[in-house]
1. Any idea how far apart S96 and D108 come out in nm if each label point goes 7 Å out from Cα toward Cβ?
2. From the phi angles alone, apply the Karplus equation (6.51, -1.76, 1.60; θ = phi - 60°) to region 66-73 and give each ³J(HN,Hα) in whole Hz, x where the residue is Gly or Pro.
3. Find the centroid of the Cα atoms in region 25-59 and in region 67-110, then give the distance between the two in whole Å.
4. Charges only on Cβ, +1 for Lys and Arg, -1 for Asp and Glu: so what's the dipole of region 8-137 about the Cα centre, in debye to the nearest 20?
5. What is the local net charge at H40, summed over the other residues whose Cβ is closer than 14 Å to its Cβ (Lys, Arg +1; Asp, Glu -1)?
6. Taking neighbour Cβ counts within 10 Å as the exposure measure, how do S35, S54 sort from fewest upward?
7. So for region 8-137, averaging the separation of alpha carbon pairs under 8 Å that are six or more residues apart and normalising by length, what relative contact order in percent results?
8. Tabulate in residue order the Karplus-calculated ³J(HN,Hα) for region 79-93, using 6.51 cos²θ - 1.76 cosθ + 1.60 with θ = phi - 60°, rounded to whole Hz; enter x for Gly and Pro.
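No lab work stands behind these numbers, since they all come straight from the coordinates. The structure presented is a predicted model; accordingly, all values stated were derived computationally and were not measured. Note that each Cβ is placed from the backbone with ideal geometry, even for glycine, and that neighbours are counted across all protein chains shown.
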Amino acid sequence: MPDTALPPVIHRLWQAWNAHDGEAVAACLQPDYQSQQPLHPERNFSGRDLARQSWNAIFNATPNFHAELLRHAINGAQVWTEWRWRGDHTDGPAFSAGGVMIFELHADHIDSVRAYTETQTLACPDFDQILDDILHEA
């Protein structure tokens, strides 16, 4: 992939995610922003207000949310990005998600996104149960 400079609005979005700032996220978006999730069309929505609400809910549920940009490519007004998001839910379990987001830019704002992202289920072995099973086999 060619080494291209990250557009300022995508950099601001990344900073807003890591600052847990829903207002700053919304400021990156056009008022009539379109969020399309082709693999989950029931999640599609329009408008920067809904984006702000959605990201604030994520930040509240995952207070140590962290976004990592893995790679990006630019094709005209499109910016293809791959993200990894991590943190811990307030009720304890770890959070991991990520995937590809294709942003359409106009006038240093995001017009739309096509998001191919998924939440990863993190299941860890129950080491207490494993130890208990080993000890009781003997």
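1. So the two model labels end up 3.8 nm from each other.
2. 9, 9, 10, 8, 8, 6, 8, 8
3. Cα centroid to Cα centroid, the span is 13 Å.
4. Working: 8 positive and 18 negative charges, 149 e Å.
Computed about the Cα centre, the dipole is about 720 debye.
5. On the way: positive: R43, R114; negative: E42, E118.
My count for the surroundings of H40 gives 0.
6. Numbers: S35 20, S54 15.
Fewest to most other Cβ atoms nearby, the residues stand as S54, S35.
7. Reported as a whole number, the value is 22 percent.
8. 10, 8, 9, 10, 10, 10, 10, 9, x, 10, 5, 4, 8, x, x
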